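Following: one structure in structure tokens, then a few remarks.
Read-outs throughout are calculated quantities, based only on the coordinates presented, and are distinct from any laboratory measurement. These numbers come from a predicted model, not from an experiment. Counting neighbours? That spans all protein chains shown, and the Cβs are built from the backbone with ideal geometry, glycine included.
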Amino acid sequence: MRRLRYEDRRARIGKKRQELEERQRMLHKELTHREEGLKLYCQMVENEHLLPEVYLSDDKLVKAHQDCQQLLSQLRGTVNQKRESIGKLIDLVVGFNRNFKPQNAFHFNTTPETEKDYLQIAVDLQDFMDNNKIEEFRRRTSEHYKDILGRISTEIGALMKRRSDVDGVILDINRDFVEKNFAGVIKGIELRTNESSDKLMQLLMSIHGYTVENALSIGELNLFSNNNRDEVNRKVVDYLKSLSRQLQDESNRPAVSLGDAFRLQFRVKENDNDTNWVERINNVGSDGTDILVKAMVNIMLINVFKKKAARKSGDFIVHCMMDEIGRLHPNNIKGILQFANSRNIYLINSSPTSYNPYDYRYTYLLSKHGVRTRVEKLLKRIK
């Protein structure tokens with residue numbers, strides 16, 4: 001009887017022991033699995049640095065049904081997926097940014113550096129599309145372009161008006177030579193203006209003409225807009241792009257002036273020599289003849305403005321200093337003096353050497369005495 005009770009108790013204790021040993025093995029297995037999970041976590045955080053610091057400092061607890069290794073595997077997959085998505089985003093942003101310069105009208109960031117920069121570009125672009133900001137920029141830039149063209153047209157229009165004044169002066173100069181010719185080797189002097197060869201000025205004049213012609217179609221739609229408004233505005237953008245490129249090519253150029261609006265040409269007839277139309281008074285004849293022609297042109301120019309002033313205050317005499325007069329032939333000296341005097345313009349020869357003093361009305365001697373200059377009248381020609 002005791003033997004039976006002993007065996008029965010022994011069997012129960014053995015079974016209990018087996019259950020405890022099995023449970024011990026299970027707990028040890030689970031502990032080992034968790035230790036491996038912690039090692040993987042430390043490797044991910046400390047060695048691979050896959051997790052941002054903000055995720056590690058969060059003290060919020062979230063209940064999960066997966067164990068540590070399952071969560072780490074899921075997290076690693078998510079991180080890899082994020083990397084792939086970021087890589088695709090970077091490629092798309094780089095391709096998108098090729099369409100824009102750093103200084104672009106939309107203020108898009110074309111030089112992102114961090115992932116945060118690329119993500120912010122995506123957010124900004126999404127907001128740009130959702131709120132249809134392209135239409136806002138279109139209206140704003142359309143009016144801005146219209147203002148730019150208007151200012152260019154106004155400035156160039158004013159310049160062209162001054163060019164017409166120049167044409168009037170040249171006409172007066174040509175008429176002046178015909179009315180009071182030069183008795184000597186110079187048989188004819190004529191001036192004219194020709195179209196400008198300046199690329200920037202040519203472009204500005206084209207913009208001016210196009211703006212005047214399409215003034216009612218540039219910019220936003222209005223009651224007077226034509227059906228080709230979009231085509232006109234596209235042409236406006238093309239003009240402004242061309243202007244931007246030209247300004248970059250001439251970045252050191254400070255301004256455009258009246259002299260850029262035309263080419264001044266001369267035609268001189270000296271005895272049997274005809275220069276035809278040239279832009280420089282050079283090689284008309286001898287060096288002295290070149291000086292003579294330049295002096296005559298300046299005298300006629302002075303006379304034109306003197307006549308305009310004389311209409312208000314009456315005629316008057318103008319005294320002018322003429323350099324290098326000694327390089328002229330004696331006959332040409334006498335001729336240029338008569339050419340000027342007939343227009344009430346008196347030339348002053350300041351040469352230290354006397355050349356035909358009887359051709360001049362007065363002859364003076366200037367001498368220096370300390371800081372003072374002494375002037376003595378030597379001769380006076382009696383008519």
Potential lengthening between residue 269 and residue 36 on full extension [0.36 nm per residue; Cα-Cα distance subtracted]: 73.2 nm
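Would you work out if the range 286-383 is rounded, prolate or oblate? Take a ≥ b ≥ c from the square roots of the eigenvalues of the alpha-carbon gyration tensor; rounded if a/c is under 1.5, else prolate when a/b is larger than b/c, oblate otherwise.
Oblate, because a/c is 1.5 or more while a/b does not exceed b/c.
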Relative contact order of the range 145-285, defined on C-alpha pairs under 8 angstrom at six or more residues apart (%): 33 percent
Distance between modelled label sites at residue 128 and residue 107, nm, 7 Å Cα→Cβ extension: 1.2 nm
Stretchable slack from residue 28 to residue 154, in nm (0.36 nm times residue separation minus alpha-carbon distance): 36.3 nm
Cβ crowding within 10 Å averaged over residues, with 37-49, 296-308 ranked highest first: 296-308, 37-49
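Net charge near residue 22, counting Lys/Arg +1 and Asp/Glu -1 over other residues with Cβ under 14 Å of its Cβ?
+3
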Built amide H within the under 5 Å cut-off of residue 187, gap 5+: 269, 270, 271
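Once the Cβ-Cβ distance between residue 161 and residue 276 is put in as r, and R0 is 35 Å, what FRET efficiency do you end up with, to the nearest 0.05?
0.70
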Cα gyration tensor shape for the range 145-285, rounded if a/c is under 1.5, else prolate or oblate: prolate
Cα-projected label distance for residue 11 with residue 86, points at 7 Å along beta-carbon direction, nm: 6.6 nm
For the range 160-171, 3J(HN,Hα) per residue [Karplus equation, 6.51 cos²θ - 1.76 cosθ + 1.60, θ = phi - 60°, Hz, x = Gly/Pro]: 5, 5, 5, 5, 5, 5, 4, 4, x, 5, 5, 4
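Could you sort out which of 294/334; 294/380; 101/133; 199/241 sit more than 22 Å apart by Cα distance in this structure?
Where the Cα-Cα span goes over 22 Å, the pairs concerned are 294/380.
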Cα-projected label distance for residue 71 with residue 135, points at 7 Å along beta-carbon direction, nm: 4.9 nm
Extreme residue, positive dipole direction of the chain, given options 255, 132, 122 (C-beta unit charges): 255
Kirkwood Rh, angstrom, the range 1-120 [1 / mean 1/r, Cα pairs]: 20.0 Å
Overall Cα dimensions of the range 121-196, principal axis frame, Å, largest first: 84, 19, 11
FRET efficiency, 1/(1 + (r/R0)^6) with R0 51 Å, evaluated for residue 172 and residue 231 via beta carbons: 0.70
Computed magnitude of the charge dipole of the chain (debye, nearest 20; Cβ of K, R +1, Cβ of D, E -1): 820 debye
Listed values [x] 58, 50, 39; [y] 64, 60, 40; [z] 178, 67, 41, entry calculated as Cα extents along the principal axes in Å: [z]
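Figure the gain on full extension for residue 323 and residue 250 (residue separation times 0.36 nm, minus the Cα-Cα span) and round it to one decimal in nm.
Value of the extension gain: 22.6 nm.
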